[in-house]
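Asks: Structure provided below as structure tokens; questions to follow.
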Amino acid sequence: MLVLTCPYCGVAAEETELHAGGEAHLKRFGPGASDEDFTGYLFGRENPKGVHFERWLHANGCGKWFHAARCTATLELFGTYSAQLTEPPEPIRKAISAKRPGWRWREFS
Amino acid sequence: MSDIPASALNAARYAGYVTVAEMGPQGMITIRGNLRSTRFRKAVADATGLTCPKQRRIERKGDIALAWMSPDELMVMCPHADAPALAGAVMAALEGMHSLVQVMSDARAMFSISGADAREVLAKLAPVDLSPDAFGPGDLRRTRLAQIAAAFWMEDTEEFRLICFRSVAGYAYGVLTNAARPGGEVGYF
């Protein structure tokens, strides 16, 4: 079972208190974008075995969205951070590097 | 139509090994704004006569309480009849600041869960660490109560208050009374 700490209310929330919101840090391609970019935005998703970045909603709680970095293979949590960030912050990247040296996820590493 | 406010369950009461009671009409005011702003916190404090609560805490003085609901939301609990006037006072105090003040009294139902084993009854229903070390008087938690969203806090060492939407008050009362049924004691805490 996943236990994620909500960065907004500080609660170590158990999975059933949360709602999964899919992959994090998607870049939106809207009107005027190429077909390839738009298709990628709509359908192109990572499906890693290992380090992954996701959006979560503290649905039965403070009602805020936040980001989480975790391992899909072990359910290990590397950290949670604000939904306002467009990329994983340095402390999160360091925490991941400490446990999964050489990790890569999309353009982040 | 009657002008007398009625609560969802008409102050239903159940005495199991813990007492569960619907508390009748309660005044509730939602306040939203930037809680990190000192000016905002001071304005709310002045209007309610209470200090602005810290994260996941509730402050009470007499029959008024101020609860932290999220990084941008507070809730005032007060007698049902006082809510409109108090909301007006808060609104006036927040004049010029980006904020929202709304009387939400009739949107929710409030329950009292009291007794020596009150912790246990809630621990059966919510994924929250309710050990005395982790959750004490003045602590508040918004969470899941069986299948519905709810918030509860501790008034004193043997009483919890719980709020949920009025539309699911019957469900909340059902799961609470079931968990409080004699014979269901666990004795964990």
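The values are calculated or read from the model by the stated rules, or taken from the named source; none is laboratory data. Since the model is a prediction, treat every value here as computed from it, not as a measurement. Using ideal geometry, Cβ is built from the backbone for each residue, glycine included, and neighbour counts are taken over all protein chains shown.
Asks: Tell me, yes or no, whether segment B:12-31 has at least one residue that is part of a strand (DSSP E or B) and free of Cβ contacts under 8 Å to residues at least 40 places away in the same chain.
Replies: The answer is yes, given that some residue of segment B:12-31 is part of a strand (DSSP E or B) and free of Cβ contacts under 8 Å to residues at least 40 places away in the same chain.
Asks: Can you tell me which of B:Thr51, B:Thr30 is within 19 Å of the chain's Cα centre (by Cα) and more than 14 Å from every other protein chain (Cβ to nearest Cβ)? Spell out how you get there, then give the answer.
Replies: Numbers: B:Thr30 fails: more than 14 Å from every other protein chain (Cβ to nearest Cβ).
Unique residue meeting the criteria: B:Thr51.
Asks: Just to verify a result, which residue in segment A:8-32, among those that are within 18 Å of A:Glu76 (Cα to Cα) and in a loop (DSSP other than H, G, I, E, B), is nearest to the other protein chains (Cβ to nearest Cβ)?
Replies: By that ranking, first place goes to A:Val11.
Asks: Touching a strand residue (DSSP E or B) at 6+ places or on another chain (Cβ under 8 Å), assigned to a strand (DSSP E or B) and under 20 Å from B:Pro25 (Cβ atoms): is that true of B:Val101 in this structure?
Replies: Values: touching a strand residue (DSSP E or B) at 6+ places or on another chain (Cβ under 8 Å): yes; assigned to a strand (DSSP E or B): yes; under 20 Å from B:Pro25 (Cβ atoms): yes.
Yes, satisfied.
Asks: Return only the number of the condition from (1) part of a strand (DSSP E or B); (2) among the β-branched types (Val, Ile, Thr); (3) touching a residue at least 60 places away in the same chain (Cβ under 8 Å) that B:Val90 does not satisfy.
Replies: For B:Val90, the exception is condition (1).
Asks: For segment A:1-25, which positions are at pLDDT 95 or above and over 25 Å from B:Asp72 (Cβ atoms)?
Replies: A:Glu23, the sole residue that qualifies.
Asks: Quick test for you: out of B:Val121, B:Val76, B:Val128, pick the one residue that is among the aliphatic types (A, V, I, L, M), touching a Phe, Trp or Tyr at 6+ places or on another chain (Cβ under 9 Å), crowded, with 19+ Cβ neighbours inside 10 Å and not in a helix (DSSP H, G or I). So that I can check it myself, show each step before the final result.
Replies: Details: B:Val121 fails: not in a helix (DSSP H, G or I); B:Val76 fails: touching a Phe, Trp or Tyr at 6+ places or on another chain (Cβ under 9 Å).
B:Val128 is the lone residue from the list that is among the aliphatic types (A, V, I, L, M), touching a Phe, Trp or Tyr at 6+ places or on another chain (Cβ under 9 Å), crowded, with 19+ Cβ neighbours inside 10 Å and not in a helix (DSSP H, G or I).
Asks: Which of the residues spanning segment A:42-60 are under 22 Å from A:Ser109 (Cβ atoms) and free of Cβ contacts under 8 Å to residues at least 40 places away in the same chain?
Replies: Filtering segment A:42-60 for residues under 22 Å from A:Ser109 (Cβ atoms) gives A:44-55.
A:Gly44, A:Arg45, A:Asn47, A:Lys49, A:Glu54, A:Arg55 - these are the residues of segment A:42-60 that are under 22 Å from A:Ser109 (Cβ atoms) and free of Cβ contacts under 8 Å to residues at least 40 places away in the same chain.
Asks: Given the structure, is B:Gly88 within 29 Å of A:Val11 (Cα to Cα) and of a type in the set (Gly, Ala, Ser)? Working first, answer last.
Replies: On the way: within 29 Å of A:Val11 (Cα to Cα): no; of a type in the set (Gly, Ala, Ser): yes.
In short, no.
Asks: Then there's this: Of B:Ser2, B:Ser37, which residue is of a type in the set (S, T, N, Q), surrounded by fewer than 15 Cβ atoms within 10 Å (Cβ to Cβ), modelled with pLDDT of 95 or more and on the phi < 0 side of the Ramachandran plot?
Replies: Numbers: B:Ser2 fails: modelled with pLDDT of 95 or more.
Residue meeting the stated conditions: B:Ser37.
Asks: Here are B:Phe111, B:Phe165, B:Phe152, B:Phe160: which of them is surrounded by fewer than 17 Cβ atoms within 10 Å (Cβ to Cβ) and among the aromatic types (Phe, Trp, Tyr)? Outline the logic, then answer.
Replies: Numbers: B:Phe111 fails: surrounded by fewer than 17 Cβ atoms within 10 Å (Cβ to Cβ); B:Phe152 fails: surrounded by fewer than 17 Cβ atoms within 10 Å (Cβ to Cβ); B:Phe160 fails: surrounded by fewer than 17 Cβ atoms within 10 Å (Cβ to Cβ).
Checking each option against the conditions leaves just B:Phe165.
Asks: Right, something else. Looking for whichever is more than 14 Å from every other protein chain (Cβ to nearest Cβ) and either within 16 Å of B:Thr30 (Cα to Cα) or basic (Lys, Arg) (or both) here; the options are B:Val121, B:Val90. Which one fits? Step through it out loud before you land on a result.
Replies: On the way: B:Val121 fails: either within 16 Å of B:Thr30 (Cα to Cα) or basic (Lys, Arg) (or both).
Unique residue meeting the criteria: B:Val90.
Asks: Quick one: how many residues across segment A:54-97 are among the aliphatic types (A, V, I, L, M) and within 14 Å of chain B (Cβ to nearest Cβ)? Spell out how you get there, then give the answer.
Replies: In the first step, residues of segment A:54-97 are kept if they are among the aliphatic types (A, V, I, L, M); the result is A:57, A:59, A:68-69, A:73, A:75, A:77, A:83, A:85, A:92, A:95-96.
This time we only want the ones that are within 14 Å of chain B (Cβ to nearest Cβ), so: A:57, A:59, A:83.
Within segment A:54-97, residues that are among the aliphatic types (A, V, I, L, M) and within 14 Å of chain B (Cβ to nearest Cβ) number 3.
Asks: What pairs can you find where one residue is in segment B:55-82 and within 12 Å of chain A (Cβ to nearest Cβ), the other is of a type in the set (Ser, Thr, Tyr), and their Cβ atoms are less than 6 Å apart, with a gap of 6+ or different chains?
Replies: Qualifying pairs under 6 Å: B:Pro71/A:Tyr8.
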